[in-house]
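Each remark here refers to the structure printed beneath this line.
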Amino acid sequence: MNGRLTTLEEVESAVWRELAACATDKAHPWRTAVLATVDGERADARLVVIREVDARQKQLLFYTDERAGKVRQLLNRPLGTMVMWSQPLGWQLRCRVRLAVEMSGLAASSRWARIKLSPAAQDYLSPLPPGAPLDALAPPTHGTVKRDYFAVIDATVDAVDWLELHAQGHRRAIFDGQGARWVQP
């Protein structure tokens, strides 16, 4: 990027350009984001891989095993925060999101059709759910399963908190339902 961005419109546009790029560029620093959710009375966080971005709809999509703890958490409380950092840009992004999971239907089945013959499919074919204890005497196996456990999570962005760390001064902006505004870093 040439020079620092000067307007809120430039910042917001650049944020969504970078988000779109992270879905297709495996080396983009925002491709793996931290997703924080609520687990009862506690916060829980994990990395997710952003697979698709729809800037017009303000949606980020990622995949999961439908038996994963985050699915139970978002079904109970469908809110989260996604955090990303880009060293080259000097940008931190925090996105407040509403989460929805699709375990069947077109969104899940069409994406599963694209990856079911790839090595990544094994992530969704294990007979054991994520976090299940493994027998210490037997090596882990994928075994034979009767179905896949593939699910798509849609994170609709309600607010973006952009922070730029820069030698000439840090800057921060918020983009949400109240509009766009500069705030104290």
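Throughout, read-outs are computed from the coordinates displayed, never taken from laboratory work. Computed from a prediction, not measured in an experiment: that's the story for all the values here. Here the Cβ positions follow ideal geometry from the backbone for every residue, glycine too, while neighbour counts run over all protein chains shown.
For each of THR81, THR37, count neighbouring Cβ atoms within 10 Å of the residue's Cβ, then give the residues from fewest to most. Present the calculation step by step, with values, prior to reporting the outcome.
On the way: THR81 18, THR37 23.
Fewest-to-most ranking of THR81, THR37: THR81, THR37.
At a Cα cut-off below 13 Å, give the aspartates and glutamates reachable from LYS26, other chains included and same-chain residues fewer than 8 away excluded.
Hits, sequence-local ones excluded: GLU18, GLU52.
Can you list, bin by bin at 10 Å, the percent of alpha carbon pairs in the stretch 54-185, starting at 0?
Percent of Cα pairs in each bin: 11, 31, 28, 20, 9, 2.
Can you tell me the FRET efficiency between ARG42 and ILE174 if r is taken as the Cβ-Cβ distance and R0 is 22 Å, rounded to the nearest 0.05?
So the FRET efficiency works out to roughly 0.25.
Could you work out how much longer the chain between VAL83 and ALA55 gets when fully extended? Use 0.36 nm per residue separation minus the Cα distance between them, nm to one decimal.
Extending this stretch completely gives an extra 8.4 nm.
Arrange VAL97, VAL83 by Cβ neighbour counts within 10 Å, fewest through most, would you?
Neighbour counts put them in this order, fewest first: VAL83, VAL97.
Can you compute the modelled spin-label distance between VAL183 and SER109, with each label point 7 Å from Cα toward Cβ, in nm?
4.2 nm
With a Förster radius of 35 Å, plug the Cβ-Cβ distance of ARG17 and ALA121 into 1/(1 + (r/R0)^6) and report the FRET value to the nearest 0.05.
Numbers: r = 31 Å, r/R0 = 0.88.
Computed FRET efficiency for ARG17 and ALA121 comes out at 0.70.
Could you line up ARG171, ARG42 from fewest to most neighbouring Cβ atoms inside 10 Å? Spell out each step's value before the answer.
Details: ARG171 18, ARG42 8.
Result, fewest neighbours first: ARG42, ARG171.
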